[in-house]
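Below you'll find the structure, written out as structure tokens, and then a few comments.
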Amino acid sequence: MTQQPVTTVHLTVPAARIITTELRTADHTTETGGILLGRHTHDTVTVHHAGTPGPAAVRTPTYFLRDLAHAQALADEAFASDASVWVGEWHTHPTSRPVPSARDAATYRQLLDDPELGFHSVIAVILAPCEHHWACEAWAARHGRITPVELRLDGPVG
């Protein structure tokens, strides 16, 4: 069965807490982020777990590459605990807006085009500094398009 297009990303308290902690402790001159794990039901993706960058992550002012081994260990743990699967990624844009960059779009296309991954949609949560808080936007990539989607938070992020 084909899943419906995503219209809402629901970020649970535990996932928001991981992102918030990373934002408080990270170097804000470089991007940071991690994987998002959860479930796609109807038109909503519920994110139960968010990853951190991991010790071997690559971070620059305009680029972030997660530590793959770290992300895989979190994915394995989340699947074993509640059957959560990889639904997307979160990351910061310390020097721009919370909008997918050309590099982000290329990454989402790669993920969607890889049949072994089985993505029908890739979810992105992007954060950018805005005065004294973090602006946070959610996006869904599907069929070559990236569209903004509603972000529902159970708790604060940033």
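No value in this document is a laboratory result; all are computed from the given coordinates. Predicted, not measured: the structure shown is a model, and the values here were computed from it. Counting neighbours? That spans all protein chains shown, and the Cβs are built from the backbone with ideal geometry, glycine included.
Structure values in brief
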| quantity | calculated |
| --- | --- |
| Failed item, numbered, when GLN72 is tested on (1) within 25 Å of ALA102 (Cβ to Cβ); (2) of a type in the set (S, T, N, Q); (3) surrounded by 13 or more Cβ atoms within 10 Å (Cβ to Cβ) | (1) |
| Residues within segment 113-151 that are more than 14 Å from the chain's Cα centre (by Cα), touching a residue at least 40 places away in the same chain (Cβ under 8 Å) and under 24 Å from ALA26 (Cβ atoms), tallied | 2 |
| Residue match in segment 124-133 (condition: part of a strand (DSSP E or B) and surrounded by fewer than 16 Cβ atoms within 10 Å (Cβ to Cβ)) | yes |
| Residue within segment 89-102 that is of a type in the set (D, E, K, R), closer than 15 Å to ALA124 by Cα and part of a strand (DSSP E or B) present | yes |
| Residue pairs meeting the criteria (Cβ under 6 Å; at least 6 apart or on separate chains; first farther than 17 Å from VAL125 by Cβ and free of Cβ contacts under 8 Å to residues at least 24 places away in the same chain, in segment 61-75; second of a type in the set (Gly, Ala, Ser) and surrounded by 14 or more Cβ atoms within 10 Å (Cβ to Cβ)) | ASP67/GLY54; ASP67/ALA57; HIS70/GLY54 |
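Table: residues versus (1) surrounded by 13 or more Cβ atoms within 10 Å (Cβ to Cβ); (2) of a type in the set (A, V, I, L, M, F, W, C); (3) under 17 Å from THR52 (Cα atoms).
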site	(1), (2), (3)
ALA83	no, yes, no
PRO94	yes, no, yes
ALA106	no, yes, no
ARG109	yes, no, no
ASP113	no, no, no
ALA141	yes, yes, no
